[in-house]
Structure formats: structure tokens, C-alpha cells
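Coordinate-derived values only; no laboratory data. It should be emphasised that the depicted structure is a prediction, and the values quoted were computed from it without experimental measurement. Every residue, glycine among them, receives a Cβ derived from its backbone with ideal geometry; neighbour counts consider all protein chains shown.
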Amino acid sequence: MANILDGKAIAEKVRAEVRADVAGFTSAHGRAPGLTVVLVGEDPASVVYTRNKERSAKECGIAGTLIRLPAETPEAEVLALVERLNRDDAVDGILVQLPLPKQVREAEVLRAIDPDKDVDGFHALNAGRLATGHPALVPCTPLGCMRLIAESGVELAGARAVVVGRSNIVGKPIAQLLLAKHATVTIAHSRTRDLPAVCREADVLVAAVGRANLVRGDWIKPGAVVIDVGINRGADGKLVGDVAFAEAAERAGHLTPVPGGVGPMTIACLLANTVTAARAREAAKRRA
Ligand code: GUN
């Protein structure tokens, strides 16, 4: 039976590290790291997520702020708010919750965020920095996956890693992070021929496609580390991942559950990114 990688417990360890880092930063610089979350509209899931982000930030000693704008806010007003936050020296991290209402173009808003405050790591400059091996703010879910993989103890150098899914916010950045750790990385996707055979090569398998129970037990190399990023509603309304959990548990060496695996890691990594951004901004001020 696979070792189950407990995302709740590991996320709590990350939060404890963040709390200590925040305390150190605050005493060194006379101010707490600042995170501002922007929510445009009333999407019920987004309301819950953004409240959790603000609350979790405060629990770690970060100056967390949630700014809510009405659903009909014009794009120019959202961009003006982002510009104001870019200029606000007390703000180290800016997160604009997605999806945005239809009159607000996501690409324009993400491009407007100062890349050095882009704690989501969604700005093209951060994607480019990551791809070229420069210090970058890295998207939170991929960072959480890497921490879970690290907790498994697997040696990544020389290992075969397969990432199923090629999104800009999960698949591509995870592939870059695995490559930076010297894994041999394959990015598979919906057009991949013989996906089960490709997955069977994987010492580390990351499933990030959003299809319930896509990855079957016999797709998994015995002993592999399996990270399930999917969050899907099963036919019975329960949350299920992209990996058929019970089958996978028979073959994998380490496996993340859904819920309770990757999910809890994401906010913890957002808080860690806020500290990373705050430190980098203070270091840049010292150099200036
Ligand atoms: N909506 C759902 N997940 C996310 C996320 O990680 N960041 C942002 N900005 N919006 C989201």
C-alpha cells in the first residue's frame, strides 16, 4: 500500500515556517509583509477562496487585505487599482482572484501586476524567469506539489517525471520545476498517444487535467510517487481527483489524496510567496 502524503499536515509545517519567517522579516524591517487580494464580483467559490487567503495571511502575521469590487466594475478601474497597489510600498503581494467578470480582460490585468509583487506567479515575466532558471515568483499549486514530492524523499535527479496536463498555471510550471531538479520530464496531454504507456514510465507522475479518475492503477509504475492535482465532482457529488485513488494506492509508493493532498498546500505556498516577494523587494531597496 502506498504511503499517503498528508497535504494538511505538510501545509501546517509550511505555515509554521512562514510564521517564523514573517516574524523575522517583521523585526528586521519594522513592518509585516503585505498581501492584498482583489475580488471582482460575487462568484460564491471565489468569495470563499479569497476570504480564506486573507484569513490565512493574518494568521501567519502577514498584513492581509481583501479588496472587493462590484461585478460590473469597468476594466479601467480594476487596472487603476492594480496600479495603485503596485505603487504602495506596504504591499508586497498582489493577487487578483480569477475568473474575472467578462468585461475585464484577464490577460490585461495579469500583465498590469508588478512582476515582483505577482505572488500567483502568473505574469509572463515570471513564467520566463522560471523557464530560464532565474529567481522567479512561482505559481502556488506547482510549488505545493514540489514540496509534497520532496516529502516523499524521492531522488529527482535522473528520475523520469511525467506531467499530465499542460496548463500555464499548473502543468507547464511543474514541468519546469521538475526539470530544474534534473528530472527527465515529459509533458503529456489530451493528444498524447498511448497515455497509459507514457505514465507507466514515470517515477514521478503528476496528474493535472481535471478529469475524474482518468489515471488508472495499471498506469502507475510500482513504487512511483503520484501527485493528484485534480479536483472533480464524482457522479455521487463527492470530490475526486484525476487519479483512481483506491487502485493507485495498490501500486504507488507515495500518493496524495483528494481532498487533503495538493489543495491545502496552495494557500500555504501563497503565504510563502508573499514572504519571498517581501524579502526580494527589501533586498532590491538596499541595492538601490
Ligand atoms: N482562482 C482559482 N484559483 C486561483 C489562483 O490560484 N489564483 C487566482 N488569482 N485566482 C484563482
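Of note:
- The calculated P(r) of segment 141-194, using every Cα pair and 5 Å bins from 0, goes 5, 21, 30, 26, 12, 6, 0 in percent.
- Taking every alpha-carbon pair under 8 Å whose residues sit at least 6 apart, the chain reaches a relative contact order of 22 percent.
- Relative contact order [Cα under 8 Å, 6+ residues apart], segment 19-62, whole percent: 46 percent
- Once you divide the Cα radius of gyration of the chain by 2.2 N^0.38 Å, the number left is 1.02.
- Pairs exceeding a 29 Å alpha-carbon distance, out of LYS58/LYS285; LYS117/LYS221; LYS53/LYS102; LYS8/LYS58: LYS117/LYS221.
- Axis of helix 44-59 versus longest Cα principal axis of the chain: the two differ by about 70°, to the nearest ten degrees.
- Highest to lowest packing among 170-183, 226-239, scored as the average C-beta count within 10 Å: 170-183, 226-239
- Ranked packing of 63-73, 275-285, most packed first, by mean Cβ within 10 Å: 275-285, 63-73
- Convex hull volume per residue in cubic angstrom - Cα atoms of segment 219-288: 118 Å³
- LEU79, LEU35 arranged by Cβ crowding within 10 Å, fewest neighbours leading: LEU79, LEU35
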